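The values are calculated or read from the model by the stated rules, or taken from the named source; none is laboratory data. Computed from a prediction, not measured in an experiment: that's the story for all the values here. Positions of Cβ are generated from backbone atoms using ideal geometry, with glycine treated the same way; all protein chains shown enter the neighbour counts. Heads up: the accessible areas ignore ligands, DNA and RNA and are worked out on the full protein's heavy atoms, side chains in. Shrake-Rupley method; radii C 1.70, N 1.55, O 1.52, S 1.80 Å.
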Amino acid sequence: MPSNVTERVFGRTSLGKDVKAYTLTNATNMSVTVISYGAAITEIKVPDKTGKVSDVTLGFDNVSGYEASEYFIGATIGRVANRIANGQFKLDGELYNLTQNNESNFLHGGGCGAFHKRLWESSVVDGLVSMSLCSLDGDEGFPGQLDATVTFQLNENNELTMNFTAKTNKPTPVNLTNHAYFNLSGQGAGDIYDHAVTIAAKQYLPKDEKNIPTGRLALV
């Protein structure tokens with residue numbers, strides 16, 4: 001059964017554009033709110049074993065918070081998540097220079113053209129929220145037009161599913177993700193130093209002193 005989805009105006013950007021908010025709610029009283037600015041998750045409210053509902057992800061209460069933030073709070077990251085060394089790469093023999101927004105490196109999409117700083121087209125389709133964005137040829141230095149879509153779906157098992165797709169008219173790097181921050185004790189309930197996460201992986205990517213992956217696959 002698809003979740004119930006409600007729509008409202010979250011606020012306006014500094015340029016006067018409306019930002020929409022969509023809240024998906026299921027029968028177990030879990031809800032997820034996403035906004036069209038940055039295709040960002042603003043809230044994930046879940047009941048604990050006693051039925052108490054808490055917001056377990058970080059977010060701002062207004063658009064200006066997201067516009068001013070440098071920390072990618074809850075946002076969809078693109079065109080490329082993570083760092084690209086020295087803000088450049090070679091593809092098919094051609095060197096491309098990107099925005100350097102992390103000292104000498106490119107990070108999480110770059111500057112004002114990065115996906116977390118853009119207003120996405122949004123709609124509700126069959127109980128899920130769909131958001132789309134067109135990144136033009138040359139955005140942040142990348143080749144090719146890239147059309148990105150992310151969908152958010154909540155089911156009755158309290159599972160939030162995000163699906164990312166991208167289409168381009170030229171060879172180009174793409175690596176989309178979401179940048180939510182979690183506190184399982186609830187937003188504002190202290191730090192997360194006693195939290196533990198398990199990742200079922202056999203290998204990992206070591207990084208250098210500038211947080212750039214070395215390219216070596218190391219055993220866990």
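Here are a few things to note about the model shown:
- In this structure segment 93-206 gives 58 Å² per residue of accessible area when probed at 1.4 Å with all protein chains present.
- Across the options Val197, Thr168, Ser135, the greatest Cα extent toward the positive end of the charge dipole of segment 91-220 (unit charges at beta carbon of Lys, Arg, Asp, Glu) belongs to Val197.
- Over 24 Å (Cα to Cα) - which of Lys167/Lys202; Lys90/Lys170; Lys45/Lys210 fall in this group: Lys167/Lys202; Lys45/Lys210
- Vicinal HN-Hα couplings computed from phi for segment 211-220 (Karplus, 6.51 cos²θ - 1.76 cosθ + 1.60; Hz; Gly/Pro x): 6, 9, x, 7, x, 8, 9, 9, 6, 5
- Residue by residue, segment 72-78 carries 3J(HN,Hα) couplings of 6, 4, x, 8, 7, 9, x Hz when phi is fed to the Karplus relation 6.51 cos²θ - 1.76 cosθ + 1.60 (θ = phi - 60°); x denotes Gly or Pro.
- Under a 5 Å amide H cut-off, with hydrogens placed 1.01 Å from N, Ser3 pairs with Leu154 among residues at least 5 apart or on other chains.
- Once both labels are positioned 7 Å from their Cα atoms along Cα-to-Cβ, the gap between Asn211 and Glu7 label points is 3.6 nm.
- Rounded percent of accessible protein surface that carbon and sulfur make up, the chain, 1.4 Å probe: 50 percent
- One quarter of the convex hull surface built on the alpha carbon atoms of the chain amounts to 14.1 nm², the projected area averaged over directions.
- Over segment 1-57, Cα pairs under 8 Å with separation of 6+ residues give a relative contact order of 22 percent.
- 3J(HN,Hα) couplings calculated from phi for segment 90-106 with the Karplus curve 6.51 cos²θ - 1.76 cosθ + 1.60 (θ = phi - 60°) are, in sequence order, 10, 9, 6, x, 10, 8, 10, 9, 10, 4, 9, 10, 9, 6, 8, 9, 8 Hz; Gly and Pro show x.
- Look at the alpha carbon pairs under 8 Å that are at least 6 residues apart: their mean separation over the length of the chain gives a relative contact order of 19 percent.
- Taking amide H atoms as placed 1.01 Å from N in the peptide plane, the amide H of Ala180 lies under 5 Å from those of Gly74, each 5 or more residues away in sequence or on another chain.
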